[in-house]
1. Between Phe263 and Ala189, with labels modelled 7 Å along Cα→Cβ, what's the label distance in nm to one decimal, could you check?
2. Can you tell me the dipole magnitude for the chain around its Cα centre, using point charges on the Cβ only (Lys, Arg +1; Asp, Glu -1), in Debye to the nearest 20?
3. How compact and how long is the stretch 9-345, expressed as Rg and Dmax of its alpha-carbon atoms in Å?
4. Starting from the Cα of Gln98, move 7 Å in the Cα-to-Cβ direction to define the label point; list residues of the stretch 126-146 whose amide nitrogen is under 20 Å from there.
5. So which trypsin sites (Lys or Arg not before Pro) in the stretch 236-268 pass both tests, a DSSP loop state and at most 16 other Cβ atoms within 10 Å of the Cβ?
6. On a straight-distance basis, which aspartates and glutamates could pair with Lys223 in a cross-link, Cα separation under 17 angstrom, same-chain partners fewer than 8 positions away excluded?
7. If you take the charge dipole of the stretch 9-345 about its Cα centre, with +1 on Lys and Arg Cβ and -1 on Asp and Glu Cβ, which of Phe62, Ala329, Asn183 is farthest toward its positive end?
8. By the scheme Lys and Arg +1, Asp and Glu -1, what is the net charge of all other residues having a beta-carbon under 11 Å from that of Gly179?
Amino acid sequence: MPQVRPFATDRLPDLLRCMPKAELHIHIEGSLEPELIFALAQRNGVQIPYASVEELRSAYAFSNLQSFLDIYYAGASVLLKEQDFYDMARAYLLKAAQDNVLHAELFFDPQTHTARGVSMATVINGLHRACVDAKAELGISAALILCFLRHLSEEEAFETLEQALPFRDKFIGVGLDSGEVGNPPEKFARVFARCRALGLHLVAHAGEEGPPAYVWTALDLLKVERIDHGVQSSKDAALMQRLAQDRIPLTVCPLSNLKLCVFPDLASHNLRQLLDGGLVATLNSDDPAYFGGYLNENFTQTFAATGLSSQHAYTLARNSFEASFIEDAAKRRYIDRLNETFEAFQ
Ligand code: ADE
Ligand code: ZN
């Protein structure tokens, strides 16, 4: 890892914004801005229980994960047609391009849509077309990761997988999201084993609100390649050692953790502790329309609050490429571009 010379801290926000990076933890339904929710509600004749964009935005005051999920699933109810899914992903990818994101791996929650009668084809084709166009028109590579909702049963996850398999070439992996506490990873051991046999990449949310034990079982029973969030791991020294030794990436989302009250303020966030512990931490936005910021906002606010350095910035950006599921040659090209940006800043 090259040593990055420290420089005047007033140049750090510029560097954070312009450095090339990957985003590995973004729920595409969490990028639905209130304006787009209202536009889609009108286009599709869907009633939403808010009178205006402002009223909806003012409901975004959360006390924990579940209080957010209730509003997040209600917001997604305006998505009905393939074009709606395309428009949502397109809007996110345009914002990501502005943040100098070169590669994005997008989570989507098909069960939120199929439960309302929207077909798997509608969901995946719309999102996938946006990913293809982003490569051609914005120069961003983007890929899809299908998430199972952990508050539902494993049987329902199996049914969802079966519905998605005709589109196997349009998603690269599976994840596990929704309410964590009370829905441990082991509930999904069989469906993850099947996904593994199919050659899908595996990730899971663990240690967001849930205990370190959930991170252990995500690793040992689900055999995931990355942990989403994982911030509770710092409560367990043996787990920290395991994550560092096996170079298991964590996709950390500071503004999400702040808005869902996982930490009382950004200054108390443990990102520095994770990095200093030798973990492959990355920085991500989670649900940017709900948590007050896309990726660059996560970088600038977190660095301002915690005093992280230009060396940390390099490590986080490099980790984002190393932890991604892109092929090695593309990884190397992206890291070369990162190195060029840092050399130009020295
Ligand atoms: N779905 C969308 N955002 C989520 C989060 N932060 N945790 C769990 N499930 C989610
Ligand atoms: Zn998430």
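Coordinate-derived values only; no laboratory data. Bear in mind that the values here come from a model prediction, so they are computed numbers and not experimental data. Counting neighbours? That spans all protein chains shown, and the Cβs are built from the backbone with ideal geometry, glycine included.
1. With each label placed 7 Å out from Cα toward Cβ, I get 3.4 nm.
2. So the dipole magnitude of the chain works out to roughly 660 debye.
3. In order Rg, Dmax, the Cα atoms of the stretch 9-345 give 18.7, 53 Å.
4. Flagged as within label range: 130-131, 133-142.
5. Sparse-neighbourhood loop trypsin sites (Lys or Arg not before Pro): Arg247.
6. Filter leaves Glu154, Asp177, Glu186, Asp246.
7. Going by the charge dipole, the pick is Ala329.
8. -4
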